[in-house]
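The values are calculated or read from the model by the stated rules, or taken from the named source; none is laboratory data. All values derive from a computational prediction rather than experimental measurement. Don't worry about glycine lacking a Cβ; one is built from the backbone with ideal geometry, like all the others, and counts go over all protein chains shown.
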Amino acid sequence: MFRVGLYARVSTNDQQTLAMQNRAMREYAARRGWMITLQVREVNSGAAKRETRERLLNAARRREIDIVLVWRLDRWGRSVTDLLATLQELKNLGVRFVSLTEALDLTTAAGRAMAAMLAVFAAFEREILQERTRAGLAHARENGKRLGRPATAAVYAAEIRKLYRTGISKSEIARRIQIGRTSVRRILGEKS
């Protein structure tokens, strides 16, 4: 008998109820002859950290469940990339994944084919994001925007050199000005 963990999630604006998702998943598990060993529920938006989902993943890592059953794929993954990463982890752990409404069972050939298609879309999503980022950076440079971390320690260069000439140690200078010792050493190593 397989041990199954149920995962149900709704956002605060979602019309589906946790009770409806749980009822459908419990009925499905019963039809399949699976024993429900863990049932987790979350109410939050897709962007929020999913602590109860992590509880379910930890149970899979401890080999306490054989199957993860979800109502829908979008209930499980925050993004295609997140979805694929967690599905890959479950696969590596030998834990099956079943999405009830999409009839996605990664233990079947059709389910594995669907997962492969999802991987293609995740790669596409990453490439689109990279292209947008590069375009945004190029646009910012064209408009004279300075990119990267702000020069924080450099604004204290004159003060650092002055304090050092009076005999104060580099560590003490860093403490007084509240910057890193490495920054002090770098500035003192530069030609004045």
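Taking the conditions exactly as written (modelled with pLDDT of 90 or more and surrounded by fewer than 20 Cβ atoms within 10 Å (Cβ to Cβ)), does ARG78 satisfy them or not? Before the answer, list the steps.
Values: modelled with pLDDT of 90 or more: no; surrounded by fewer than 20 Cβ atoms within 10 Å (Cβ to Cβ): yes.
It is false that ARG78 is modelled with pLDDT of 90 or more and surrounded by fewer than 20 Cβ atoms within 10 Å (Cβ to Cβ).
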Filter segment 124-138 for residues that are surrounded by 11 or more Cβ atoms within 10 Å (Cβ to Cβ) and among the aliphatic types (A, V, I, L, M); the one that is farthest from MET1 (Cα to Cα) is LEU137
Restricted to segment 10-24 and to residues being among the polar types (S, T, N, Q) and either part of a helix (DSSP H, G or I) or surrounded by fewer than 12 Cβ atoms within 10 Å (Cβ to Cβ) (or both), the residue modelled with the lowest pLDDT is GLN15
